[in-house]
Structures are given as C-alpha cells and as structure tokens.
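Here's the structure we're looking at; comments come further down.
Every read-out reported here was derived from the displayed coordinates using simple, explicitly stated rules and does not represent laboratory data. Quick caveat, the model's predicted, so the values are computed rather than measured. FYI the Cβ positions are ideal-geometry reconstructions off the backbone, even for glycines, and counts take in every protein chain you see.
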Amino acid sequence: MPLPTTDVAYIRWFAELGLDDISLVGGKNASLGEMYRTLSAVGVRVPPGFAITADAYREFLHAAHLDQKIAAVLKDLHPHDIANLRQRGRQVRQAMLAAPLPAAPTMASAWPGRSSSSATPSRCIPWRCWTTSAWTM
C-alpha cells in the first residue's frame with residue numbers, strides 16, 4: 001500500500017497520479033499513474049511505484065549548480081551543427097553524472113519497511129524520474 005505523500009514534496013505514488021499531473025511528474029509518469037489507478041480498479045495487478053517530481057529535478061540542478069553549467073554549455077548553441085550538438089550533449093551528461101546527489105530522506109522513506117538508515121529496501125518498488133527514460137528498482 002503506497003504511503004501518503006501529503007508532506008513529501010519530491011515523490012508521488014503512482015496511485016496518486018493521473019493525466020492531470022503532467023506538469024508535476026511528466027507525461028510518462030502521469031500515464032503510469034493513470035494506468036495504475038485505472039487497471040488496479042478493474043482487478044489487474046499492477047505493482048505500486050512512485051515518481052520523482054519535476055521540483056525534485058529542478059532542486060537537484062540548482063543545488064549542484066548544474067543549471068548554471070548547462071546554461072554555459074548551451075550558450076550560443078547552433079542546433080544544426082550535429083557534431084557540436086553531440087559534444088555539448090556529452091558535456092551536459094558528464095556534468096550531471098559527476099554531480100553529487102543531495103541527501104534524499106523522502107526517497108529512502110518512500111519504501112515501506114525501509115528506514116533512512118537501511119541500505120536495502122525490504123522489497124522492490126519501481127520508481128521513475130520524470131527526466132529519464134530508465135526505470136530503477
């Protein structure tokens with residue numbers, strides 16, 4: 001059973017999401033929430049999961065100064081110069097991968113049965129960051 005997230009700004013359970021939440025968690029996550037709510041209601045077993053919000057992503061960019069780095073990398077971008085576009089994209093990816101992740105007690109507490117001091121969740125809960133195309137378990 002998903003935990004309530006009324007006091008958690010950066011995650012939303014799929015059970016709480018629908019197509020009206022695209023600006024909050026992105027289109028794919030909103031669709032996952034819609035699918036979870038709709039299919040679960042008619043007896044289709046869909047595993048619970050949660051999305052990381054757009055606000056969490058923006059805070060990560062700001063805290064790691066990535067917003068400034070990305071703006072600098074993309075300054076004077078010429079989108080038709082594919083080689084330069086590829087090189088700048090690589091720079092942005094490298095900066096994001098090198099950035100430290102902020103402490104995220106809300107993420108750790110999202111797993112039922114997991115305390116913030118535990119390194120391993122007691123069961124897998126799928127989650128998806130609205131900015132990526134990858135699933136994490």
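Quick look at the numbers
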| item | result |
| --- | --- |
| Two-decimal ratio, segment 23-90, of alpha-carbon radius of gyration to 2.2 N^0.38 Å | 1.66 |
| For segment 77-90, Karplus couplings with θ = phi - 60° (6.51, -1.76, 1.60), whole Hz, Gly/Pro x | 5, 10, x, 8, 8, 4, 4, 5, 4, 4, 5, 5, x, 4 |
| Dipole axis of segment 1-100 (+1 Lys, Arg; -1 Asp, Glu on Cβ), positive-most option in 39, 85, 9 | 85 |
